[in-house]
Amino acid sequence: MKPRPADLVALAALLPPGAIVLSFDLETCAAPGGDARAPGRARVVQFGIAAFSAEPLPGVGGEPVTVVSQSRSEADEDGLQVAGYVFAEATNVDPEHRIDAASQSKHKITDAMVRDAPTVADLADDLLAWLRPAGEDGHPRPLYLCGYNALRFDVPVLAAELRRVGREDVTLVLEATPLLDCMLIRKAAEPAMTLEGTCLRYGLGVLEGAHTADADSLANLAVLAAQAGHGHLRDVAAASGKAGPRPAPLGAVDSQGKLRWVDGKVLPAPTPDAVEVTFGKHQGKTLRQAGPGFSRWICSNEFDDDVKSAVRLAWGPIARAW
């Protein structure tokens, strides 16, 4: 998948003159006794970058991306104009130990594929050059990193890898570089999962008189009809359920089974070691193994109150501010 030229024109219009957007992504494996998803416990096995600028990229130039020009003076004989320059490459990386089976199954990178590949230490100088781009006049060019969930994964994992090989100098530059996280931008752009937000999502406009019974009930009907119109509601029988509460799943701590008792052993009150998570990346871990940060995230997001209450009760006094 390549960026659409018109979208690159829109992006270039938002950037300072000469600025570069450097997108990067990591594939990882688990360090011995570690976790391929955790900073300090992961090893990079593939490093990919994709760079864009309205001006040629330092050292590589980049592939010109053209669009139909709105100005005759800027157009070539075909009526096209260079919107910017794109460069992309991916490099396999030697993690300096065997790649675990679970990681190989996910990204299909084998030990044989990385046998003669550079290590993170070998790539550190090249990365530093990308992080400190200079123009033809020798002056620094503005740089923005780009990633998807990079704030929580790619940046901390790469920083930990650079520190492991003794390149704190590169780490400090990496962590100081502005980051455009596509996942966070998407979340900020999407309407909230409320009735008002859902009305906006389905193009019904602003809900006037929200939180009054007449407005909300009519809005519910409008949303349901819009969901049918969008094809999100296809089978009434499958989508419908009784209005009464449903029994919690066997062994569950909360009504929906987001949390459950470890080994089915019900205690008078939940504790971080007695309750495990049944969803997401920490599925199968206890609250303590998942860490307080994950529990804090649950309490700050759209989970049912009984889930949040169980989490706060499990952690006790430290969870009062959650």
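Would you pick out the residues in the range 169-197 that are among the β-branched types (Val, Ile, Thr) and modelled with pLDDT of 90 or more? Within the range 169-197, Val170, Thr171, Val173, Thr177 meet the criteria.
Taking every residue in the range 222-248 that is within 23 Å of Val206 (Cβ to Cβ) and open to solvent by less than 70 Å² (accessible area, probe 1.4 Å) and pairing it with any residue that is at pLDDT below 90 and not in a helix (DSSP H, G or I), at least 6 positions away or on another chain, the pairs with Cβ-Cβ distances below 6 Å are Gln227/Leu233. Condition (residue is touching a Pro at 6+ places or on another chain (Cβ under 7 Å) and surrounded by fewer than 17 Cβ atoms within 10 Å (Cβ to Cβ)) applied to the range 191-200: is it met by at least one residue? Yes, the range 191-200 has at least one match.
The condition of being of a type in the set (Asp, Glu) and in a loop (DSSP other than H, G, I, E, B) holds for Glu302. Applying a threshold of 8 Å to beta carbon distances and a minimum spacing of six or more residues, or different chains, the list of pairs starting in the range 299-311 at a residue that is more than 17 Å from Thr271 (Cβ to Cβ) and ending at one that is exposed (fewer than 14 other Cβ atoms within 10 Å of the Cβ) reads Glu302/Met193. Of note, Ala12 does not satisfy the criterion of being under 21 Å from the mean Cα position of the chain (by Cα) and surrounded by 14 or more Cβ atoms within 10 Å (Cβ to Cβ). With respect to (1) under 27 Å from Gly197 (Cα atoms); (2) outside any loop (DSSP other than H, G, I, E, B); (3) open to solvent by 40 Å² or more (accessible area, probe 1.4 Å), the lone exception for Gln256 is condition (2). Test Gly251 against the criterion of being open to solvent by less than 40 Å² (accessible area, probe 1.4 Å), modelled with pLDDT under 90 and not hydrophobic (A, V, I, L, M, F, W, C), and give yes or no. Spelling it out, Gly251 is indeed open to solvent by less than 40 Å² (accessible area, probe 1.4 Å), modelled with pLDDT under 90 and not hydrophobic (A, V, I, L, M, F, W, C). Residues that are more than 16 Å from Ala38 (Cβ to Cβ), open to solvent by 60 Å² or more (accessible area, probe 1.4 Å) and in a loop (DSSP other than H, G, I, E, B) do not occur anywhere in the range 274-295. Yes or no: Thr271 hydroxyl-bearing (Ser, Thr, Tyr) and farther than 24 Å from Thr194 by Cβ? The answer is yes for Thr271. Scanning the range 261-282 for residues that are among the small types (Gly, Ala, Ser) and without any contact (Cβ under 8 Å) to a residue 12 or more places away in the chain yields a total of 1.
For Asp122, the conditions (1) surrounded by fewer than 17 Cβ atoms within 10 Å (Cβ to Cβ); (2) in contact (Cβ under 8 Å) with a residue 60 or more places away in the chain are fulfilled apart from (2). Of the helices (runs of 4 or more DSSP H) entirely within the range 128-215, those holding at least 1 residues that are without any contact (Cβ under 8 Å) to a residue 40 or more places away in the chain and more than 25 Å from His230 (Cβ to Cβ) occupy 154-164, 168-176, 182-189.
The set of residues in the range 125-135 that are open to solvent by less than 40 Å² (accessible area, probe 1.4 Å) and more than 24 Å from the chain's Cα centre (by Cα) comprises Pro133, Gly135. Go through the range 201-216 and give me each residue that's at positive phi and either open to solvent by 90 Å² or more (accessible area, probe 1.4 Å) or among the hydrophobic types (A, V, I, L, M, F, W, C) (or both). Result: His211, single match. Note on the range 305-322: residues that are surrounded by 11 or more Cβ atoms within 10 Å (Cβ to Cβ), at negative phi and assigned to a helix (DSSP H, G or I) total 12.
The values are calculated or read from the model by the stated rules, or taken from the named source; none is laboratory data. Only a predicted model underlies this, so the values are computations on that prediction, with no experimental measurement involved. Here Cβ is always computed from backbone atoms with ideal geometry, including for glycine, and neighbour counts include all displayed protein chains. Only protein heavy atoms, including side chains, enter the accessible area calculation; ligands, DNA and RNA are left aside. Shrake-Rupley method; radii C 1.70, N 1.55, O 1.52, S 1.80 Å.
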